[in-house]
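Bear in mind these aren't lab numbers, they're just calculated from the coordinates by the rules spelled out. Values in this document were obtained by computation on a predicted structure and should not be read as measured data. Note that we place each Cβ from the backbone using ideal geometry, even for glycine, and neighbour counts take in every protein chain shown.
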Amino acid sequence: MIKFLQFIMIRAVMSIVTLLIVSFIVFSMMELVPGNCAERYIAFKNTQGQNITIEDIQAEERRLGLDKPYLIRAFTWMGNVFFQGKFGDSCILRLNINHLLSDKIWLSLGMSIGALLLSYLLAVPIGIYSAVSRNPIANNTVRFISYLGLALPSFLFALMIMLFTTVYFGESMSGLFSKEYRDAAWSYAKFMDFLSRAWLPILILGWAATAFALQTVRALMLDEIDKLYVTAARARGIFGRNLLWRYPARHSLGPVINSIGFDLNRIFSELPVVALIMTLTEMGSLLIDALAFSNDQQLAGAILVILTATIVLINFITDIILALMDPRVRQGLLG
Amino acid sequence: MSLLSVENLEVLFNTDDGVITAVDKIGFELEEGEVLGLVGESGSGKSVTAKSLMQLNPLNTFYGKNSSIRLKLGVGELDVLRLKSSKELVVVRGGAISMIFQEPMASFAPAITIGSQMVEQLMIHTSLSRSAAQELSIEMLQRVGISEADKRFHQYAFELSGGMRQRAMIAMALSTKPKILIADEPTTALDVTIQAQVLDLMKDLIQEFGMAILFITHDLGVIAQVADRVAVMYLGRIVESGPVKQVLHSPAHPYTRSLLNSLPKLDALDEPLTPIPGDIPSPLERPPGCVFHTRCPEAIAGKCSSEIPISVNVEPGHQSACFLNESPVEKTA
């Protein structure tokens, strides 16, 4: 027990170190973009007809602390992020990033984790049954749908659905809220309205993830089912669901749990594109906007750190679940 | 009637390359308390035969129309091959027949404790309560010579040594008091010293539990130690069978002779070994006539490659299926 707590502590420390390294890399990448925040903002003002001098830029740099050395700025930023959870002000929008993201973080994480849940809730039972099923029609259907999920890019799928809903329902399914709830405070009705719209991006994001997870579960199950311990269990008179879930299914789920972190990563990468197509006002679309259009590195960096932190957290949790589930992993880790 | 009588057992596999005959119309009997050794090279069909007794072969397996595996249960009997569902097979699997395998490590589920697997089996086959099943399991572990049995009960297979695992496997197999134990190369994966210990243990347990054993191995030395009777298999057929001393001392079939000759002899270590020439043919290309004629040093040209030899008595209870045995003795029914 003490060893297990020790293991959790070590994993937690490792996760934090990972996050520190990632945030340092993110900060450095923000710095690598040509021009600093002061120049970009002033240049942005310039396009709006203001006349800017070098002095203005230097004054702005001093105000933002950009005249300080690189490492000091990096550690100040990382310190603010880690110890106070403050991402500072956005470079171009000149708004507090925490304020800007507060709602959108939860929308994005909600949709991504929704998609992740959907994919595993579908993939695990279907994958397991399709591995043991002898019904060729069901098997081929599952295989066809999952290959389609693997082959069809999310953006294309999203476009097709947008086209379909606009043509047949007149109203497009884009956006996360109906008009009347868009700026309303959170309430039960707003939540239901959110669900009534969010299922579509969740489905789009979840489909590819489901297809991928399904193939993984199926392959692992097929591998496990031929193992001697399953035959030995059958030889002891165990059969049906008792056999299936306790023996091959349980033993094939380790690598599946391990892959949850990767899947979340993949969903995050697709989120901005899907969000853009479906005009969702959430974090993913902001990321695209910050990276590609407004060149708002402060905002982009904040979003990247949040996404990474989520993945690191999920990996931390799956590591613990894995150790709880598999005595061999426990033995390897705890000695 | 015998405890187990196998008649005309034909086991076929449906594969992409066509139908493969793994076992070709064999028959044998097993009496109560008897140890029957089943010997043969890999691919001779001995494991498939054993698995047929519990219908454990893969899904693409089917059995010949006239095949029967009759098992005496109490006053009645049943034909294992007539049982359709896994539910019906429970009386056989782990009930009347238990099986231990070559790889004790691989035959325990890696993430379930040994005790949990033992109790699970007892809950299926007996009316014991969970705690009584646990007690019996620990008792069985002690009986097979596992120290600190109550601690081992809560451990996983990977935490035990190889010999200990096979002992635990034997304890689990015997805990339901089966009438027949199938031992599929139970000592092959063990060190020679451990092998001897496990064999001694098995001999003790045969006495104590009074069950019949079908002992599968390719090791004639092991057979000589444990078996009462032996059946030699080659490419899905039993080529010779009989009391173990008679078969090993005066082998009647050329295949049995070759098998014995290919063993190293401790009193003549410098003599070269005489391997059986060639490889066992692929089951897809089963030779016509006598299945051994392609490798047989004594094959009769023209005859062995076209006619199938019938099993004949060479001594009382000692049978061989070879044309060379046919002339002086009467044919069996």
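Quick rundown of the values:
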read-out	value
Global form of the stretch B:152-310, assessed from the alpha-carbon gyration tensor, a/c cut-off 1.5	prolate
Estimated FRET transfer efficiency when R0 is 45 angstrom, pair A:Ser196-A:Val132 (beta carbons, to 0.05)	0.80
Electrostatic dipole magnitude of the protein assembly as shown [Cβ: Lys, Arg +1; Asp, Glu -1; Cα centre; debye, to 20]	1400
Potential lengthening between A:Tyr188 and A:Ala219 on full extension [0.36 nm per residue; Cα-Cα distance subtracted]	7.0 nm
Cα-based shape type of chain A, given that a ≥ b ≥ c are square roots of the gyration tensor eigenvalues and the cut on a/c is 1.5	oblate
Least to most buried among B:Met169, A:Met162 (fewest other Cβ within 10 Å first)	A:Met162, B:Met169
Simple spin-label estimate for A:Ala292 and B:Asp279 in nanometres, 7 Å along Cα-Cβ	5.8
Gyration tensor verdict on the stretch B:250-325 (Cα atoms; rounded if a/c is under 1.5, prolate if a/b is larger than b/c, oblate otherwise)	oblate
Theoretical FRET efficiency, 1/(1+(r/R0)^6), r = Cβ-Cβ of A:Phe83 and A:Leu324, R0 45 Å, to 0.05	0.90
In order through the stretch A:13-22: 3J(HN,Hα) via Karplus (6.51 cos²θ - 1.76 cosθ + 1.60), integer Hz, x for Gly, Pro	4, 4, 4, 5, 4, 4, 4, 4, 4, 4
Test item: Cα-centred dipole of chain A, Lys/Arg +1 and Asp/Glu -1 on Cβ, debye	1520
FRET E, pair B:Ile300, B:Ser68, Förster distance 41 Å, beta-carbon r, rounded to 0.05	0.80
Distant-in-sequence amide H partners of B:Lys179 (H built 1.01 Å from N, under 5 Å)	B:Ile97
For A:Asp103, B:Asp267, B:Asp17, order by how many other beta-carbon atoms lie within 10 Å, fewest first	B:Asp267, B:Asp17, A:Asp103
In sequence order, calculated HN-Hα J values of the stretch A:156-162 (Karplus, 6.51, -1.76, 1.60; Hz; x Gly/Pro)	5, 4, 4, 4, 4, 5, 4
Taking chain A and dividing mean pair separation by its residue count, relative contact order in percent (alpha carbons under 8 Å, at least six apart)	25
Length added when fully stretched, B:Lys177-B:Asp191, from 0.36 nm per residue minus Cα-Cα	2.3 nm
For q = 0.06 Å⁻¹, Debye-computed log10 I/I(0) when each Cα of the protein assembly as shown counts as one equal scatterer	-0.54
Cα long-axis angle, helix B:114-125 against chain B (0 to 90 degrees, to the nearest 10)	80
³J(HN,Hα) computed for each position of the stretch B:85-100 - Karplus, 6.51 cos²θ - 1.76 cosθ + 1.60, integer Hz, glycine/proline x	9, 4, 5, 5, 6, 4, 4, 8, 5, x, x, 6, 10, 10, 9, 10
Cross-link pairs beyond the 20 Å C-alpha cut-off, checked among B:Lys51/B:Lys72; B:Lys203/B:Lys265; B:Lys25/B:Lys65; B:Lys51/B:Lys84	B:Lys203/B:Lys265
Computed label-point distance, nm, for sites B:Asp200 and A:Ile25 using a 7 Å Cα→Cβ extension	6.0
Relative contact order for chain B, counting Cα pairs under 8 Å that sit 6 or more residues apart, in percent	19
Spin-label model distance (nm) - A:Ile16 vs B:Asp17, 7 Å beyond Cα toward Cβ	6.1
Order of A:Leu107, A:Leu5 - criterion: other Cβ atoms within 10 Å of each residue's Cβ, fewest first	A:Leu5, A:Leu107
